[in-house]
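This report refers to the structure that appears directly beneath it.
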Amino acid sequence: MRNPHAAHAFSDDDAAIATFLEDVAIPALLCSLVHMTGDPSWVRERPLRQLPSSSDYQCGLTPDEQADIRRRAQPVIAAYRARACEPVALADELLHEMMSFLAGTPLVGRLAAVMFEDMQFAGGDNRAVTWADEIPADVKAATPVVVIGCGESGILAGIRLAQAGLSFTIVEKNDGPGGTWWENRYPGARVDVGSHQYCYSFEPSDHWSRYYCEQPELRDYFATVLDKYALGAHCRFGTSVTSLEWDEPASLWHVSVLRPDGAAETIDARFVISAVGSLNLPHLPEIPGMESFAGPSFHSARWPADLDVSGTRFALIGAGASGFQLAPSIADQVAQLSIYQRTAQWMFPNPVYRTTVPAGDRWALRHLPYYARWFRFMMTYPGIAAGTASYRCDPDYDDADGAAVNEGNAARRDQLEAWIRSQLEGRPDLIDKSIPDYPAMGKRILQDDGFWLQGLRKPNVELVRIGIDRVVPDGVVTDDGVHRPADIICYATGFHHNDFLAPMTVIGRNRVSLREQWGDEPTAYLGVTVPNFPNLFCLYGPGTNLAHSSSLFFHSEFQMSHAMEVIHLVLTRGAHAAEVRRGAHDEYAAWHQSEISQLVWAHPSITHSHYKNPAGKVFTLSPWPIDQYWELTKVLDPDAYELR
Ligand code: NAP
């Protein structure tokens, strides 16, 4: 069977191909040419000069070099077309050499392994559940599973449970799939991790219309995947989980839900997979007078479907990742936009942040063999390979002024500061307001192609960097006593990131409350399992958010593989429950804290961020490079779990 990742056959004529080639990423094309011909010389001619980046997918190849490769590629592509678009099978050794070519260095060890696994050369889904017949059908039938949430990780959970042949229900509070991408519909909402890596490894990544696609396209993606894997019949939309209670004698979770009609119901499950995300409980500030505001006011994740902002005076309170996208997207419609930003934000200059994937690249992604996989490699590899080294606080670096945490971080700061200055040239007032006073990368880094910074220059836009004293019926009053009239207020003030699994009540063995056990310090073994809470798995749980490297899809796939391994262990051993041992959990949690506390996000110069708990410690983020976390979750340590 043809590998679904090998791309679709085509019949476009030579002239069309020549036009398409103008838009392609040449390094990915070179790899694709090896698949067309079996000839490795395409990647042996010359090493690439630099790693791919959003500002240069051509890896430093000069325009002349690119033109030469395009010219030589045309007849090869035509010959491939004449052979019914059948790629040549390549040996693993050559495929590894091609990865090393794009990486600019010999790729070995676990980094090579995780990247190779992600490439899906074998034809499908390397992380698919492939249980043999060792678990009898009646055992599977007696093993109901509840998945809470039908976003990115809940859909993945459904796919894996279906592959295992277990019976499962996905309970979702919203009326459709997509999770955060169902809920966040504010103008300008888009992903800020490249689309070609912000998708399941086992699904084609050849269809995105933009390099960083917008919310509707992502929402539709999740709906399409849900349909493709026939998960709809397992879903109960419009249904909220209110509590989970573990019944030790029965080895069951009693999952209490509220149905769409408001009626309460209990669903019993042997295993529960929490796929609720960790950025889904809106955080509203406590500003005096908020309730007195006369016009519409709402959180950014609750943008009213029928809201017309045109001609209004709009107050945007909070400007992190959401506000950053929202503000410039409405600036031209509103009469006045006042952006209340408490802390300035670092941003990467990203020229393709809002760019449509050009026709030629879309064609190549869809039709040239494995081009889409190599393009995904180009997008993911640099971040994954960089790991967390550049985020580490150097104890020998003088960080007394809180400007940087190591030498590379200081250079990064200079680069990011230069971008801000260049975009705001001639506006010293805005430059002063826009340069952060904490180390680069210390909070979630944002992306800008100039949209945000240029937006600040518009005559109807004001960046307010003064604290808010109160909200009044017709506007907002700042600490300096200035009253700015407003017709609408949007609070883009983030989420309760540290309150994992909130607002559900979770009661485990011996009536232990998860909320009380965690307090402000949520921890889980590998970010997935928690002592006292048998048969419960967290996806995107404590200590697994990514402020570095790559896309959360990688993490979800690793975590779900770990959950399935534990379920497999329980069922093959004739047990009813698995609970992570306290020792394994505590050792992991201590290791996690010791690592994360050395990284920039925990640096004391960052007085507050949504990554930190009230005491300034970080329990939300992963300190592990992707390949390290892959290794940690890859092989189950059965001794870490007690089976009952
Ligand atoms: P956020 O990054 O936490 O930003 C919240 C903003 O509200 C910050 O400017 C914050 O100021 C401000 N704020 C919070 N409480 C306040 C208060 N009491 N008074 C005044 N200002 C207050 O939240 P977000 O923008 O919703 O993003 C959250 C996360 O969602 C991101 O880190 C990212 O992981 C994800 N996200 C991703 C995308 C994407 O992929 N494109 C888009 C949106 C969100 P301070 O900085 O001073 O705290």
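What follows draws every value from the coordinates through simple rules; no lab data is involved. Please read all numbers here as calculations on a predicted model, not as lab measurements. Counting neighbours? That spans all protein chains shown, and the Cβs are built from the backbone with ideal geometry, glycine included.
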**Q.** the stretch 220-355: C-alpha gyration tensor shape, a/c 1.5 cut-off, then a/b vs b/c
**A.** prolate
Q: For the stretch 94-130 and the stretch 482-502, compute the distance between their C-alpha centroids and round to whole Å.
A: 42 Å
Q: Could you check the simple spin-label distance between Asp474 and Lys140, using points 7 Å along Cα→Cβ, in nm with one decimal?
A: 6.8 nm
Q: Rounded, prolate or oblate: pick one for the stretch 12-70, where a ≥ b ≥ c are the square roots of the eigenvalues of its C-alpha gyration tensor, a/c under 1.5 means rounded, and failing that, prolate if a/b is larger than b/c, else oblate.
A: oblate
Q: Using only the alpha carbons of the stretch 185-241, determine the length spanned along each of the three principal axes and report them from longest to shortest in whole angstroms.
A: 32, 28, 16
Q) Hull surface divided by four, with the convex hull built on the Cα atoms of the stretch 385-531: how many nm²? A) 14.3 nm²
**Q.** C-alpha center-to-center spacing [the stretch 28-93, the stretch 613-639] in angstrom
**A.** 37 Å
Q.
As a test of understanding, state the convex hull volume per residue of the chain from its alpha carbons, in Å³.
A. 173 Å³
Q: Consider a paramagnetic label point 7 Å from the Cα of Ser53 along Cα→Cβ; state which residues of the stretch 404-444 have an amide N under 15 Å from it.
A: 408-420, 441
Q) Separation of the stretch 355-426 and the stretch 433-463 by C-alpha centroid, Å? A) 17 Å
Q. Looking at the chain, how many pairs of lysines come closer than 26 Å at the Cα, when each pair is eight or more places apart or spans two chains?
A. 8
Q: Classify the stretch 219-287 as rounded, prolate or oblate from the Cα gyration tensor: take a ≥ b ≥ c as the square roots of its eigenvalues, call it rounded if a/c is under 1.5, otherwise prolate when a/b beats b/c and oblate if not.
A: oblate
Q | Beta bridges by DSSP in the chain, antiparallel share as percent, to the nearest 5 | A | 45 percent
